[in-house]
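Right, one structure below, let's go through it.
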Amino acid sequence: MNEYSKISSLKGIGEKTEKLFQKLHIETIGDLIRFYPRDYDIYEEAIPIADVEEGRIVTITGSIYGKVQVAAMKNLQVTTLYVKDITGTMKAVWFRMPFLKNTLGRGGVITLRGRVVNRRGNLVMEQPEIFYPSATYDAKANTMQPVYPLTAGLTNNMVVKAMKQAVEYLDLKREFLPKSIRLDNHLAEYNFAIRQIHFPEDKENFYLARERLVFEEFLIFILALRQLKETNEKHRNQFVFDKYDVVEKLLNELPYELTNAQKKVWVDIQKDMNSEHVMSRLIQGDVGSGKTIIAVLGLVLAGINGYQGAMMAPTEVLAKQHFTSITELFEEHNIPLNVELLTGSMTAKEKREAYARIESGEAQLIIGTHALIQEKVQYHSLALVVTDEQHRFGVKQREMLAGKGNAPHILVMSATPIPRTLAIILYGDLDISVIDELPANRLPIKNCVVDTSYRKTAYTFIKKQVAEGRQCYVICPMVEESEAIEAENVLDYAKTLQEELGDAIKVSHLHGKMKQKEKDAIMEAFSRNEIQVLVSTTVIEVGINVPNATVMMVENAERFGLAQLHQLRGRVGRGKHQSYCIFMSASKASDTKERLGILNKSNDGFFIASEDLKMRGPGDLFGIRQSGILDFKIGDVFQDAKVLQRASEAAVQLMKRDPHLEEEENKNLKAYLQFYIKEGMIEMTL
């Protein structure tokens, strides 16, 4: 058995289970080994009932007090139990588990572990794990149990069993980090890191393992980017852009004046497009800062000079919206360019006709999704490629689109606010422009950070906004209920909210496990105000422009990074009406309140990103605190900013000393880097 062996070579994994793993992109033992836990259950010592706090997962031990009760509530059977120790009494409830009455009815000492919530002024432990008799908890005490991302039909226990086999039997001796880099950066060996990331003996070993794997991931990513940049720098600019009259006319006729930041970026782009080498530029700017109009100016410049321009959006809904808004803009200002839409959901006939217009040059601006890089698409004279929301596309995909032309200029747009020091490292193959100024007509979003006791008030406010004709988003961290994590989930929440708001208000839900057609249909219905309240996971982070949406309510806000919360907030505040963002937290911890309070102080994404960077610490690693930016397998650009900096410095030194990685100690690293680029793994990280 080796890293390339099929996962079916493990005991207990038949054809059915193999297909479930394949849904998570796990085909081989190597894929499984690199499938890191997304969280850990930490089984700590039991605490006195008097010390229990709302919002925390705790363990208590006490005697079963009184009778176990089972009652019906809202079509649910609720089992209630009281546990008592010398410091106080705790109420525990379970939903849909009436059989517990027989199990626990004998009385005795019991240990419970679960999240404590406030219900009508009383602390209650909901859906706790049961250790009965209580001595059975001893086997798990002081351990860290891995929690993996799952798909329907695959349990955490199934993944754990497979992982234990892989870690035990796989030959992990191969170390591809050069010894000098590993020792200089005080990094653990690969064998140790893999075992301790999946099954840590304690927190200290976990930290050592994670640091090693994060450093390795960043180093490989940075080296791969450097290779791409070297390739791009060799491309000479073969295009001539000497006609500016239509662009100037459009600028003069716009109903607003560009901000100074927009003007500066437009100057950067014009210089790049007329320079010796092709442009590779990133435009960073908050939601609503006006990135799209700058990209459109570039596309018009390409089209009016006889070339083609293409803009790739991450979703069909967003592509259609760009197509509609650009077409309307061109009609209004008499711009003589033909705009083509190309998406995966078009019929075969529609696609054939679009391909013909693109290949002949009749279509001068092409807007679409990944359909733009399909093999059948042949461009006539592609001079500019624009990708929207860069972190939703792989570098590989961007290269494929660029490869459709004869070394076209590349312009990338991102609303992800990353401090410049990190952006220079993460977008190493791109020059960076920043639009750090919002248009003057934008109303600032009003924010509030509240606890769960505010929920009823929030529902009343949502009703009021809908009555005024507005729409609302509600974000939950999970798709469906989980035994491992206590957090609001989209499916149950949407049902509850529909009951709360009444039949006059249409509530719907959206999540990443739905098919793209379903997601697009729901987002389009929401944009037409056929849905007033949309309950969603962070899948709407990159969505369409719905100026009528004025409320963003985020449940379990403590489970998201600040940068991601700011991205979500950007879904509202896009129209003429005052918008509001409600961050609801189930945590009473003071550091959580301080962190979320930053969102109260500012709507500036770059300030928030910098503050997020300052506040992150090792203690955050046990929560679901990913930044939502650049989907690395284990690293987090905010959490691990210092490691990212060290990896960048190591990459620079390594390339100075051995640019082609030909020295003996670098040969394994070179082989892995080639595998990484060939397999498109860089595509997974951006």
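By the gyration tensor of its Cα atoms, with a ≥ b ≥ c the square roots of the eigenvalues, what is the shape of segment 45-141: rounded for a/c under 1.5, prolate for a/b over b/c, or oblate? Note, shape of segment 45-141 comes out oblate.
What the phi angles of segment 453-458 give under the Karplus curve with 6.51, -1.76 and 1.60, with θ = phi - 60°, is a coupling list of 5, 7, 4, 4, 4, 4 Hz, glycine and proline written as x.
What is the sum of charges around ALA458, taking Lys and Arg as +1, Asp and Glu as -1, for the other residues whose C-beta is under 12 Å from the C-beta of ALA458?
Around ALA458, the surrounding residues sum to +1.
Pairwise Cα distances in the chain exceed 44 Å for 28 percent of all pairs.
From the alpha carbon centroid of segment 297-374 to that of segment 186-205 is 50 Å. Seen through its C-alpha gyration tensor, with square-root eigenvalues sorted a ≥ b ≥ c, segment 227-286 comes out oblate because a/c lies at 1.5 or above while a/b is not bigger than b/c. Here LEU183 and LYS633 are evaluated by their C-beta separation; at R0 = 30 Å the FRET efficiency comes out at 0.80.
Kindly state, to the nearest 0.05, the FRET efficiency for ARG96 paired with GLU129, given R0 = 22 Å and r defined as their beta-carbon distance.
Numbers: r = 16 Å, r/R0 = 0.71.
So, using R0 = 22 Å, E works out to roughly 0.90.
Looking at the chain, which longest stretch skips every one of the chymotrypsin sites (Phe, Trp or Tyr not before Pro) that is in a DSSP loop with at most 13 other Cβ atoms within 10 Å, leaving the sites themselves out? The reported range is 257-686. The calculated FRET efficiency for the pair GLU468 and LEU254, based on their C-beta separation and a Förster distance of 22 Å, comes to about 0.15. Net length available on complete extension from SER345 to ARG195 is 49.6 nm, with 0.36 nm assigned per residue and the Cα-Cα distance removed.
Fully extending the segment from VAL70 to GLU53 would add 3.6 nm, taking 0.36 nm per residue of separation and subtracting the current Cα-Cα distance.
What does the helix-only formula give at 222 nm for the chain: each DSSP H stretch with n ≥ 4 adding -39500 (n - 2.57), the total divided by the residues, and the result rounded to the nearest 500 deg cm²/dmol? It would help to have the intermediate numbers written out before the result.
On the way: 23 runs with 263 residues, N = 686.
That comes out to -11500 deg cm²/dmol.
Between helix 641-657 and the chain there is an angle of about 50 degrees, using the helix long axis and the longest principal axis of the Cα atoms. Counting neighbouring beta carbons within 10 Å and listing from fewest to most, the residues MET312, MET125 come out as MET125, MET312. Using a simple spin-label model with pseudo-atoms 7 Å out from Cα toward Cβ, LYS515 and ASN157 lie 3.3 nm apart. Restricting the trypsin sites (Lys or Arg not before Pro) of segment 98-197 to loop positions (DSSP other than H, G, I, E, B) with no more than 12 neighbouring Cβ atoms within 10 Å leaves ARG106, ARG120, LYS173, ARG174. Pairs exceeding a 22 Å alpha-carbon distance, out of LYS463/LYS517; LYS404/LYS667; LYS291/LYS576; LYS16/LYS517: LYS463/LYS517; LYS404/LYS667; LYS16/LYS517.
Rounded to the nearest 10 degrees, the angle from helix 348-360 to the longest Cα principal axis of the chain is 40 degrees.
Taking label positions 7 Å along the Cα-Cβ direction at both GLU649 and ASN600, the computed distance is 3.7 nm, reported to one decimal.
Were the residues from GLN374 through GLN238 laid out at 0.36 nm apart, the gain over their Cα-Cα distance would be 46.5 nm. For helix 590-601, report the angle its Cα long axis makes with the longest principal axis of the Cα atoms of the chain; keep it between 0 and 90° and round to the nearest 10°. For helix 590-601, the angle is close to 30 degrees.
When both bridge partners sit in segment 245-435, DSSP labels roughly 0% of those beta bridges antiparallel.
Counted by neighbouring Cβ atoms within 10 Å, the residues MET346, MET552 run from fewest to most as MET346, MET552. Distance between the 7 Å Cα→Cβ label points at SER360 and LYS263: 4.3 nm.
Read-outs throughout are calculated quantities, based only on the coordinates presented, and are distinct from any laboratory measurement. If you're wondering where the values come from, they're calculated on a predicted model, not measured in any experiment. Please note: Cβ atoms are built from the backbone with ideal geometry, for glycine as well, and neighbour counts cover all protein chains shown.
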